[in-house]
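The values are calculated or read from the model by the stated rules, or taken from the named source; none is laboratory data. All figures in this text were calculated on a predicted structure; none of them were measured in a lab. Methodologically, a virtual Cβ is constructed for each residue, glycine included, from the backbone with ideal geometry; neighbour enumeration extends over all protein chains shown.
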Amino acid sequence: MIQETKNAIILWLSLPLAAIVIFVSVTGLATPGFYAAETPNWQAQSYGQDLADLFLVTSALIISSIYAYQGRKGALFIWAGVIAYLLYTYLIYCFAIHFNKLFVFYCLALGLSFYSLLWFFYTLLKRKGISEGFSNIPHRIIGIYFIIISCLFYFLWLSEIIPAIMDGDLPESIKETGLITNAVHVIDLSVFLPGIFIAGVLILQRKILGYCLAPVFLSFFILMNITIGGLVLIMKFRDLEGSYAVAAIMAVLALISAVLLVWFIKRMQKS
């Protein structure tokens, strides 16, 4: 069985991180012209990300940390997914937002997210009987879903990157945001998408690491898909590049991930 015990470290990591995220988001939203150095497209995405962080991600972080502290079944894995989302997000804040007065706070949030995720994996190594807790998980559906998602986004990003390279031009997303490179491309192509693919293979092979990563990635997917859909709508409302179809696709992916996550948690054996 999976042993769930109270651990105050979860709160010590989560509450300061939540406070930083709230401060950063409120400052970005409430300060006139805070993202003035960015292009209109990147300004819209920055404001949209602040809104998502303030209302969606912070709530998810606080609730999941409290449930994880209480030892609720599966809560620690969901918490890790929220932390992974914040790690991803603040990598972009640190490297793709022009230097501003919140830079140190971006770094603090990135560091706290990184070490919180390290702590999560450290606790997994210490847990006893973890393999029995995953005996009833629907591994085939989740494993195939992960592989499809990773291949789909690889195709999506490379379909933008490769033609630009062949034409000696910049990808359209870089032109719109005015960045040197697209941080999302960097993180996804080098780390995140390979990680999803590997997790999918491990799940299909019924490996413990794959099972541990599954709810983490599913939680991440839910937050990321909702955020992307929201950003697309914000850009559409500002008469920038946006598509209701993309927002609808993100909503469907968020729903699928949520259904799989609930299914996964319910099938985990109780301690």
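For the stretch 103-110, indicate whether the set of residues that are of a type outside the set (A, V, I, L, M), part of a loop (DSSP other than H, G, I, E, B) and without any contact (Cβ under 8 Å) to a residue 40 or more places away in the chain is non-empty.
No, because not a single residue in the stretch 103-110 is of a type outside the set (A, V, I, L, M), part of a loop (DSSP other than H, G, I, E, B) and without any contact (Cβ under 8 Å) to a residue 40 or more places away in the chain.
Which one of these does Gln43 not meet: (1) in contact (Cβ under 8 Å) with a residue 24 or more places away in the chain; (2) surrounded by fewer than 21 Cβ atoms within 10 Å (Cβ to Cβ); (3) touching a Phe, Trp or Tyr at 6+ places or on another chain (Cβ under 8 Å)?
Here Gln43 clears every test but (1).
In the stretch 171-186, which residue that is out of contact with any helix residue (DSSP H, G or I) (no Cβ under 6 Å at 6 or more places or on another chain) and of a type in the set (A, V, I, L, M, F, W, C) is surrounded by the most Cβ atoms within 10 Å (Cβ to Cβ)?
Result: Val184.
Quick grid of which residues meet (1) surrounded by fewer than 19 Cβ atoms within 10 Å (Cβ to Cβ); (2) assigned to a helix (DSSP H, G or I):
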site	(1), (2)
Leu11	yes, yes
Ser14	no, yes
Ser25	no, yes
Ala36	yes, no
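Please work out which one of (1) of a type outside the set (Ser, Thr, Tyr); (2) closer than 16 Å to Pro138 by Cα; (3) at pLDDT 95 or above; (4) crowded, with 16+ Cβ neighbours inside 10 Å is the condition Val259 fails and give its number.
(4)
Only residues in the stretch 250-269 that are farther than 17 Å from Asn225 by Cα count as the first member; pair them with residues that are polar (S, T, N, Q), Cβ under 8 angstrom, at least 6 apart or cross-chain, and list the lot.
Within 8 Å, the pairs are Arg267/Asn136; Met268/Asn136; Gln269/Ser135; Gln269/Asn136.
From Gly242, Gly210, Gly229, Gly200, which residue is part of a helix (DSSP H, G or I), modelled with pLDDT under 95 and surrounded by 13 or more Cβ atoms within 10 Å (Cβ to Cβ)?
Sole residue among the options that is part of a helix (DSSP H, G or I), modelled with pLDDT under 95 and surrounded by 13 or more Cβ atoms within 10 Å (Cβ to Cβ): Gly210.
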